[in-house]
Amino acid sequence: MFTKGQAGKIKSLHEKRNREKTGLFLVEGEKSVLETINSDFEIQTILATRDFFNKYEEQIKTKKINYEIVEPAEIEKVGTLESNDSALAIVKQKENGLIDMNNKDGIILALDNIRDPGNFGTIIRIANWYGIKTIIASKGTVDFYNPKVISATKGSFTMVKVFYIDLKAYLEKANTPVLGTFMTGENIHELSFPKAGILVMGNESNGISPEIEKIISQKITIPAFGGAESLNVAIATAIIIDNWQRNLN
């Protein structure tokens with residue numbers, strides 16, 4: 001059983017300011033923790049139930065990861081999930097790094113002030129499913145290391161690189177087509193997508209911001225066949241990427 005002080009430090013990582021101060025973040029649940037163990041992220045400590053440890057003891061010991069066997073109730077007390085009967089990992093963040101401007105083949109996702117953690121995490125998972133390796137995010141986009149973002153990725157955060165940048169400055173220098181999603185634009189079912197390009201997805205409530213709209217080289221839209229006012233941004237991302245990928249194959 002860990003101490004009250006240790007519990008306090010773990011719970012403090014629920015907040016962005018403490019994640020930024022310590023350079024640490026939380027990964028919760030069996031699948032996500034296992035993906036982290038098998039990734040190049042550096043794990044500081046794993047709090048594992050006996051069942052989780054027995055299943056993955058070889059991986060944990062092979063990578064020489066510090067661990068502690070605890071009860072599920074102890075993990076749930078310090079974590080963010082209502083139910084967690086497997087594991088919680090305290091992991092070191094990676095540096096933001098630099099992104100290669102010369103995208104000659106493939107799709108780069110650009111997120112313009114996505115605010116909902118669940119949406120962001122789902123978009124990362126979608127990107128991983130379709131083989132997209134890079135997401136660029138405006139500085140107003142929700143924190144990548146938010147526990148709800150990490151949880152929603154279901155481990156895909158280990159396989160997709162996310163860069164926080166000045167989105168306007170980046171797009172102005174981009175040497176590839178910049179496609180943006182709007183309520184009106186070219187029908188994606190009739191569009192000839194470029195071999196490589198940047199797909200900009202806008203804020204859940206306000207869409208793509210006016211300053212970014214000016215840089216968009218091609219406005220696109222998903223045609224509606226019913227009466228819904230709009231689509232969830234993560235669902236819209238999946239639909240567009242699916243059409244783009246099928247167009248390339």
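Read the figures in this text as sums done on the coordinates, not as results from a lab. The model shown is predicted, which means the values in this text are computed figures rather than measured ones. We place every Cβ from the backbone using ideal geometry, glycine too, and count neighbours over all the protein chains shown.
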Item to complete: Quick one: P(r) of the chain from all Cα-Cα pairs, 5 Å bins, percents rounded to integers, in order of increasing distance.
Response: 1, 6, 13, 17, 17, 14, 10, 9, 7, 5, 2, 0, 0
Fill in: DSSP-loop GluC sites (Glu not before Pro) across region 163-249, with at most 11 other Cβ within 10 angstrom
Glu190, Glu229
Practice prompt. Could you work out the longest stretch of the chain that avoids the trypsin sites (Lys or Arg not before Pro) located in DSSP loops with at most 16 other Cβ atoms within 10 Å?
Written response: 1-62
Fill in: Counted charge near Ile114, where neighbours are those whose Cβ lies closer than 13 Å (Asp, Glu -1; Lys, Arg +1)
-1
Discussion item. Modelling each spin label as a point 7 Å along the Cα-to-Cβ direction, I'd like the Phe225/Glu82 distance in nm, to one decimal.
Written reply: 3.4 nm
Item to complete: Could you pull out the pairs from Lys16/Lys77; Lys9/Lys63; Lys16/Lys92; Lys9/Lys55; Lys9/Lys77 whose alpha carbons sit more than 21 Å apart here?
Response: Lys9/Lys63; Lys9/Lys55
Practice prompt. Quote the relative contact order of the chain in percent (integer), defining contacts as alpha-carbon pairs under 8 Å separated by 6+ residues.
Written response: 19 percent
Discussion item. Below 15 angstrom from the Cβ of Gly23, what's the summed charge of the other residues (Lys, Arg +1; Asp, Glu -1)?
Written reply: +2
Practice prompt. For region 1-76, calculate the relative contact order in percent as a whole number, restricting contacts to Cα pairs under 8 Å that are 6 or more residues apart.
Written response: 27 percent
Worksheet entry | Cross-link partners of Lys195 among lysines (Cα-Cα below 28 Å; sequence separation of 8 or more within a chain) | Lys104, Lys133, Lys139, Lys161, Lys168, Lys173, Lys214, Lys219
Worksheet item: Taking the Cα centre of the chain as the origin, how large is its charge dipole in debye, to the nearest 20, when only Lys and Arg (+1) and Asp and Glu (-1) carry charge on their Cβ atoms?
Response: 560 debye
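Could you give the size of the charge dipole of region 194-249 about its Cα centre, using +1 on the Cβ of each K and R and -1 on the Cβ of each D and E, expressed in debye and rounded to the nearest 20?
About 280 debye.
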Worksheet entry | Within-13-Å neighbourhood charge of Tyr145 [Cβ basis; K, R +1; D, E -1] | +2
Practice prompt. Output the Cα-based Rg and Dmax of region 117-217 in Å, rounding Rg to one decimal and Dmax to a whole number.
Written response: 13.9, 39
Practice prompt. Please get the size of the charge dipole for region 1-98, origin at its Cα centre, with Cβ charges of +1 on Lys and Arg and -1 on Asp and Glu, quoted in debye to the nearest 20.
Written response: 460 debye
Practice prompt. Work out the charge dipole of the chain with +1 on the Cβ of Lys and Arg and -1 on the Cβ of Asp and Glu about the Cα centre, then indicate which of Thr141, Ile37, Asn66 is farthest towards its positive end.
Written response: Asn66
Fill in: Of Asn128, Asn84, Asn66, the one that fluctuates the most in a GNM where the chain has Cα springs shorter than 10 Å
Asn66
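Please give the contour-minus-distance gain from Asn247 to Ser12: 0.36 nm per residue of separation, less the Cα-Cα distance, rounded to one decimal in nm. It would help to have the intermediate numbers written out before the result.
Working: separation 235, 0.36 × 235 = 84.60 nm, distance 4.58 nm.
Additional length available on full extension: 80.0 nm.
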